[in-house]
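Read through the structure below, which is laid out as structure tokens, and then see the notes.
The values are calculated or read from the model by the stated rules, or taken from the named source; none is laboratory data. These numbers come from a predicted model, not from an experiment. Here the Cβ positions follow ideal geometry from the backbone for every residue, glycine too, while neighbour counts run over all protein chains shown.
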Amino acid sequence: MSKKIKLKISSRLLRKKLKKNVATSAKQCRFLNNPELVKDIDYKNSEFLAKFITERGKILPARISGNSTKYQRLVSKEIKKARIMALLPYTAFSY
Amino acid sequence: MLCKYEILILTISAITKDEQEQLKKYFLKILKDENGNLISFDRWGKYRLAYKVQQNEYGIYFLMRFSVAQENCFKIINKFKESFAINFSTLVMKYLIQKLDSFDSLDYKRPNSLEEVSSEEDIDKIIKETEIDIIKNA
């Protein structure tokens, strides 16, 4: 008769499994829900674009901002144009 | 077919009114020569720049929009680029030429300049908030 061996699961693994089971609300693209916001994606509108950069001036990735690929590309293009015209910084530590 | 373009120009903060008018007249002359139409020439005002440009911390922005026939668009753009490089090299620090879609509206949003001074109420609010922060940190 073969004995069933119970393996001990570490607490770290348990926490990992619990995290997977917990339902996390996925971020939704704000531009898909509100098509009127697409007009605000403009290199001149630096106040709106500043929401998509970090404190250090880096562009936020789509998995954090929640943007779809189409609008993430638009936003990043306009941020780069605004950086050329000194409306937005390249890095936060410029002065 | 008409093509619409906009040029955002960043000049030094020490630009005088005469030099601004000289800029505008020069651009109007170029447009006239190539049968273009000026849509708007807006002065945004003085802004603090996100980083130093040619050792300047402040600058004045101008936004110029014009329409021109498709055949002459490249000529006009090249003339503008030459003028920025040769005639106005001391005044103009940066410029960006952008083509506009014909069906897009001409409304746009821009950040508030330093010349758009806040009212006294706002200033009192700011002072109160800074006092509270100082007391908390002390």
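Odds and ends about this structure:
- Of the candidates A:Lys77, A:Lys4, the single residue that is loosely packed, with under 13 Cβ neighbours inside 10 Å, modelled with pLDDT under 95 and of a type in the set (Lys, Arg) is A:Lys4.
- Residue satisfying all of: in the stretch B:37-59; touching a residue at least 40 places away in the same chain (Cβ under 8 Å) and more than 14 Å from B:Val92 (Cβ to Cβ); surrounded by the fewest Cβ atoms within 10 Å (Cβ to Cβ) among these: B:Ser40
- Cβ pairs under 8 Å, 6+ apart, first in the stretch A:34-61 and more than 13 Å from every other protein chain (Cβ to nearest Cβ), second surrounded by 15 or more Cβ atoms within 10 Å (Cβ to Cβ) and among the aromatic types (Phe, Trp, Tyr): A:Ile59/A:Phe52; A:Leu60/A:Phe52
- Against the criterion of being modelled with pLDDT of 90 or more, loosely packed, with under 12 Cβ neighbours inside 10 Å and closer than 25 Å to B:Leu100 by Cα, A:Thr69 qualifies.
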